[in-house]
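Just below is one structure, and these are the notes that go with it.
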Amino acid sequence: MNGTINIKDLELYANIGAATDEKDIQQKIVLNIHIKTDIKDCIINDDINKTINYVDTINLCKTISKEKFNLIETMAYKIGSEIMKSNSQIKKLTLTLSKPQVQTNSKLDSVSVKLKF
């Protein structure tokens, strides 16, 4: 049985930005992660070891957010790649990384990148 584990609106802070004035300040990022996996064994056995542990996934995101990145694309790729490597049960992963506090003279809600693995 296929299922999707969703981590919605995970707020983290990271040093992310190409502009000089962005490089040394923590900026909010928001992650939405959709992990497709076979959930049959975890349902039958009620066993966390037979599924994707979302707490481990969140902690992995927190660890990566401590690194410095110029681009949201690079950070999203690093997070997605590391999640994929962390558990062989993952069939597909979609990750959206949004940066709501963009340093610009325009009014906007956020910028984001969406990657599919």
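The values are calculated or read from the model by the stated rules, or taken from the named source; none is laboratory data. Given the structure is predicted, the values throughout are model-derived calculations rather than measurements. Cβ placement follows ideal geometry from the backbone for every residue including glycine, while neighbour counts extend to all protein chains displayed. SASA here: full protein model, heavy atoms, side chains in, ligands and nucleic acids out. Shrake-Rupley method; radii C 1.70, N 1.55, O 1.52, S 1.80 Å.
Beyond 27 Å in Cα-Cα separation lie the following of the pairs Lys40/Lys62; Lys28/Lys85; Lys23/Lys107; Lys36/Lys62: Lys40/Lys62. Note that the chain presents 62 Å² accessible area per residue, ligands and nucleic acids not counted, probe 1.4 Å. For segment 16-89, the Cα-based Rg and Dmax, in that order, read 15.4, 52 Å. Here Glu82 sits with roughly 50 square angstrom of accessible surface, probe radius 1.4 Å.
Ignoring any ligand, DNA or RNA, what whole percent of the accessible area of the chain comes from carbon and sulfur when the probe is 1.4 angstrom? The C+S portion of the solvent-accessible surface of the chain is 48 percent. Charged neighbours of Asn2, selected by a Cβ distance under 13 Å, balance to +2 (K, R count +1; D, E count -1). Rounded to the nearest 20, the size of the Cβ-charge dipole of segment 7-85 about its Cα centre is 80 debye, with Lys and Arg at +1 and Asp and Glu at -1. Our helix-only sum for the chain, with -39,500 (n - 2.57) per DSSP H run of n ≥ 4 divided by its residues, gives a mean residue ellipticity at 222 nm of -8000 deg cm²/dmol.
Placing unit charges on the Cβ atoms only, positive for Lys and Arg and negative for Asp and Glu, gives segment 16-61 a dipole magnitude near 120 debye about its Cα centre.
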